[in-house]
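Have a look at the structure below, then the notes.
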Amino acid sequence: AGAEWVRQILGAECQPGGVHVRMGTHNLLLRLSADVYLEVIAPDPTAPSPARPRWFGLDVPSPNAGLDSQLGWHGQTTLWPQKLPVRTTGPIEPMSRGDLNWAITVPTDGSLPFGGAGPLLIQSDCSSHPASRLPDDGYTLVILEVTHPQACRLRAMLEAIGFQGPVIMGQRDAIALTAFIETSLGLRRLSSILESE
């Protein structure tokens with residue numbers, strides 16, 4: 001269903017990714033640059049349920065009951081957020097998929113930081129970025145627009161880890177993510193309103 005949603009909006013075919021044994025999930029991927037990718041991730045029906053909540057809030061039904069309300073993101077960092085409280089980012093968890101190994105912050109309840117506006121933080125042990133392994137089909141992330149009632153707190157979190165990327169923050173009552181993606185069909189938008197105050 002997630003792949004079909006991406007196909008309808010972007011005209012894109014996601015590539016097979018793999019499984020995440022510790023989280024009981026599997027994924028499909030689409031390259032958006034040499035160091036950015038779109039991931040469609042879902043519970044793996046062939047895997048046993050993990051002993052903990054799955055990441056990206058996958059065990060919590062969406063309040064809007066629509067695929068477009070399930071957007072989240074993660075940000076690559078080389079500097080772990082030692083000054084940030086674990087309640088903001090979640091503990092650091094070692095993960096792997098095939099020959100890929102990384103560490104990622106995942107709140108113990110599986111939720112996303114800042115109600116979905118904040119990223120999970122990831123540090124890869126790979127010599128090349130996983131996105132560079134994917135075929136370049138001409139899709140490019142232009143900008144990820146994030147809105148949150150406390151955008152200044154979220155901005156401070158990203159500054160604390162030295163995050164740089166095509167992300168802009170806006171102060172609004174609604175928590176929302178909008179990814180603007182250049183495609184062969186022109187500029188397309190994946191959008192999600194996660195919550196309203």
Checklist entry - Can you tell me which residues in the range 13-23 are surrounded by 21 or more Cβ atoms within 10 Å (Cβ to Cβ) and closer than 19 Å to Val106 by Cα? => result Met23
Checklist entry - If we keep just the residues of the range 30-53 that are open to solvent by less than 50 Å² (accessible area, probe 1.4 Å) and small (Gly, Ala, Ser), which is nearest to Leu141 (Cα to Cα)? => result Ser33
Checklist outcome for this item: Contact list, first residue from the range 151-165 and closer than 15 Å to Ala117 by Cβ, second anywhere and part of a helix (DSSP H, G or I) and modelled with pLDDT of 85 or more, beta-carbon distance below 6 Å, six or more apart or interchain, is Leu154/Phe114
Item to check | Total residues in the range 131-150, condition in contact with a Phe, Trp or Tyr (Cβ under 8 Å, 6 or more places away or on another chain) and free of Cβ contacts under 8 Å to residues at least 12 places away in the same chain | outcome: 0
Checklist outcome for this item: By residue number, the members of the range 54-91 that are modelled with pLDDT of 85 or more and open to solvent by 50 Å² or more (accessible area, probe 1.4 Å) are Asp59, His74
Next on the checklist: Filter the range 144-179 down to the residues that are out of contact with any Asp or Glu (no Cβ under 6 Å at 6 or more places or on another chain) and farther than 21 Å from Leu121 by Cα and list them by number.
Outcome noted: Gln171, Arg172, Ala174
Checklist entry - Across the range 105-123, what is the number of residues that are surrounded by fewer than 18 Cβ atoms within 10 Å (Cβ to Cβ) and closer than 28 Å to Glu13 by Cα? => result 2
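The values are calculated or read from the model by the stated rules, or taken from the named source; none is laboratory data. Here the structure is a predicted model, which means the values were calculated and not measured. Glycine also receives a Cβ, built like all others from the backbone with ideal geometry; neighbour counts cover every protein chain displayed. Please note that ligands, DNA and RNA were not included when accessible areas were found on the heavy atoms of the full protein model with its side chains. Shrake-Rupley method; radii C 1.70, N 1.55, O 1.52, S 1.80 Å.
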